[in-house]
Amino acid sequence: MIIKEKNLNTIFPAVNGGHCGKYDVKVFLMVEMGVCITDVKAVNNRGFGTKDVAIRVIK
């Protein structure tokens, strides 16, 4: 799933001390039968708050 950039704060890593570039965060989703997301966990953490932003966007 690709989240549109309008949902992301793309300068967030730079504000938190990161370098300019691409930060990929892989996310694990638990989905119940009723198409309801019940759990969201980041599989990796690239730092600079990217994990928290990715989880927030999906929730």
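The values are calculated or read from the model by the stated rules, or taken from the named source; none is laboratory data. Everything numeric here is computed off the predicted structure, so don't read it as measured data. Ideal geometry is used to build each Cβ from the backbone, glycine not excepted, and the neighbour counts take in all protein chains shown.
Tabulated values for the structure
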item	result
Residues of the range 35-53 classified as in a helix (DSSP H, G or I) and in contact with a Phe, Trp or Tyr (Cβ under 8 Å, 6 or more places away or on another chain), total	2
Close pairs (9 angstrom Cβ cut-off, 6 or more residues apart or separate chains): free of Cβ contacts under 8 Å to residues at least 24 places away in the same chain and farther than 11 Å from I55 by Cα in the range 31-44, of a type outside the set (F, W, Y) and assigned to a loop (DSSP other than H, G, I, E, B) anywhere	I37/K59; T38/E32; N44/D24; N44/V25; N44/K26
Any hit, the range 13-24, residues being surrounded by 13 or more Cβ atoms within 10 Å (Cβ to Cβ) and modelled with pLDDT of 85 or more	no
